[in-house]
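Nothing in this text is a laboratory measurement; each read-out follows from the coordinates by a stated rule. Values in this document were obtained by computation on a predicted structure and should not be read as measured data. Every residue, glycine as well, gets a Cβ built from its backbone with ideal geometry; the counts of neighbours run over all protein chains shown.
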Amino acid sequence: MRLKDLLTSRGGTPLLQPTLSNTTYRYMILGAGCAGLSLAWNLLEAGITDPILIVDRRSSFENDRTWCFWDIEPTPFSSLATHSWSRWMIHDGDREIISECPEYPYIRIRSADFYRRVLDRFASASNVTLALGQPVLEASETSQGVRVITTKANFEGLRAFNSMMPKSDVTTTARTRRTPVSLLQHFFGQTIQVEHPVFDPACPTLMDFRTPQTDGPHFVYVLPLSETEALVENTYLFSLSVSKERHRQEIGDYLGMRYGLTEGSYKVIEEESGAIPMTTAKSRLAIGSRVTSIGLAGGAARPSSGYAFLRIQRQTRGIAQGITDLESVAPAHEHSSLGGLKYQFLDTVFLQCLADRPALASRIFGQMFDRADSAAVVRFMGERSTIIDDLRIVAALPKLPFMAAALNSCSDWFSLLVRR
């Protein structure tokens with residue numbers, strides 16, 4: 001059976017038995033998520049013909065994620081978008097704010113379609129080996145390369161890229177670190193269907209703060225897929241203590257408040273959940289000279305927003321290009337083009353302001369989308385803003401809280417200069 005035939009539309013693949021061999025792999029990728037698969041894709045795109053190994057605990061590829069971003073630059077996967085929106089809504093708790101930007105539409109990609117395209121490519125590449133159903137127990141450097149030990153086999157390679165973020169690390173980052181400021185975007189989503197039209201398929205809701213704010217900034221995100229189907233995500237920026245049962249209850253409460261839906265009046269098709277670190281702390285990219293962190297583990301999430309898909313594409317494309325140019329062993333950030341000093345500074349102050357005054361979160365996001373030019377906001381969110389765009393964003397935000405945050409975080413952003 002071909003790899004592409006193993007992926008179903010809404011379910012997952014059957015168990016894909018790992019291919020084991022005595023090969024010494026040139027590149028070993030730990031984790032078959034967005035970052036790991038994107039890196040393998042970009043290595044192939046760069047003309048790499050050396051053996052590539054991808055190891056992951058997963059035994060199937062399910063539709064377990066939804067990636068959305070503003071279509072501000074081309075990627076190999078943008079054509080997979082199932083939906084595209086030129087306007088969107090923010091509700092800051094008091095008012096509804098509509099933004100419109102036909103130049104940079106907001107697009108949605110299903111992970112199932114992403115997996116299918118990548119697996120299709122791997123099926124025609126004789127140098128890619130998938131070792132699934134194998135949790136990684138250890139990855140260590142040796143005198144000649146890297147040894148990866150899984151529950152089923154040992155693998156040897158010359159270089160490894162790690163996209164796995166241990167849950168303990170995420171929890172520690174979110175709960176205990178204060179300098180630099182580290183938050184955690186924790187979400188749980190349900191794709192639901194209703195019998196009668198209730199959703200506006202032309203306008204997603206990026207943030208709706210008409211929710212209890214007792215555990216820090218809390219909003220609901222609604223992605224309308226049709227008049228009768230939508231992805232509804234319950235999102236917290238601070239709290240880690242929200243159970244799935246509570247998420248489900250709060251989604252139900254929101255659907256009742258906004259759409260008049262009651263329990264039993266809608267059907268849950270799929271569920272997804274995740275946690276995205278929002279931090280300007282320096283990522284531990286190089287774990288030794290031959291192991292490099294990528295994806296969320298390598299700091300690919302935008303600190304001020306949690307958006308990661310475009311940054312993962314830039315990061316993995318840069319690594320692949322660096323390998324083909326110089327066969328470099330430099331850390332990923334030297335090839336990643338993940339923002340620059342300007343965005344690191346702005347994100348540091350932004351996170352400090354949220355940490356200092358979490359009750360202002362709805363006002364901050366509301367004013368940014370309301371007062372600044374929509375295209376400027378999108379370019380800023382995509383790290384493609386001009387200095388004029390940046391000034392428009394700054395002018396839109398409340399001044400005193402951000403001035404205080406700049407002072408409170410001065411040691412953090414001063415360290416950015418030192419790290420350069």
- Task: Can you tell me how much longer the chain between Ser143 and His196 gets when fully stretched, taken as 0.36 nm per residue apart minus their C-alpha distance, in nm with one decimal?
- Result: 12.6 nm
- Task: Taking 7 Å along the Cα-to-C-beta vector as the label spot, tell me the Ala281-Thr386 distance in nanometres, rounded to one decimal.
- Result: 3.8
- Contour minus Cα-Cα span, Ser78 to Asn154, at 0.36 nm per residue, comes to 23.8 nm
- Nearest-0.05 FRET efficiency for Arg95 and Ile269 at R0 = 30 Å, using Cβ-Cβ distance, is 0.40
- Note on the structure: The ³J(HN,Hα) series, computed from each phi in the stretch 269-281 with the Karplus coefficients 6.51, -1.76 and 1.60 at θ = phi - 60°, rounded to the nearest Hz and given as x for glycine or proline, is 8, 9, 10, 8, 8, x, 9, 10, x, 10, 8, 9, 4
- Message: Output wanted: per-residue J couplings in Hz (rounded whole) for the stretch 110-125, from phi through Karplus 6.51 cos²θ - 1.76 cosθ + 1.60, θ = phi - 60°, x for Gly and Pro.
- Response: 7, 4, 4, 6, 4, 4, 4, 5, 5, 5, 4, 5, 5, 4, 9, 10
- Message: Once you keep just the Cα pairs under 8 angstrom separated by 6 or more residues, what percentage relative contact order results for the stretch 341-419?
- Response: 47
- Nonlocal amide H pairs with Ser293, under 5 Å, H built at 1.01 Å: Asn162, Ala286, Ile287, Ala332
- Efficiency by 1/(1 + (r/R0)^6): what FRET value for Ser86 and Asn408, r their Cβ-Cβ distance, R0 = 51 Å, to the nearest 0.05? 0.85
- Query: Could you give me the ³J(HN,Hα) list for the stretch 45-51, computed from phi with Karplus coefficients 6.51, -1.76, 1.60 and θ = phi - 60°, whole Hz, x at Gly and Pro?
  - Reply: 4, 7, x, 5, 10, 6, x
- Row for the stretch 341-419, column shape: gyration tensor on C-alpha, a ≥ b ≥ c, rounded if a/c < 1.5 i.e. under 1.5, prolate if a/b over b/c, else oblate; value oblate
- Task: Taking H placed 1.01 Å from N in the peptide plane, check which residues at least 5 places from Phe69 or on another chain put their amide H under 5 Å from its amide H.
- Result: Ile107
- Set the Förster distance to 56 Å, then compute FRET efficiency between Ser124 and Lys399 from the Cβ-Cβ distance, nearest 0.05. 0.50
- Given H placed 1.01 Å from N in the peptide plane, which residues other than close sequence neighbours of Ser273 have an amide H under 5 Å from its amide H? Gly189
- Item | the stretch 182-279 - Kirkwood radius from inverse mean 1/r over Cα pairs (Å) | 13.6
- Segments 341-354, 134-147 sorted - mean Cβ within 10 Å per residue, highest first: 341-354, 134-147
- Query: What full-extension length gain, to one decimal in nm, is calculated for Thr49 and Ser226 as 0.36 nm per residue of separation minus the Cα-Cα distance?
  - Reply: 59.4 nm
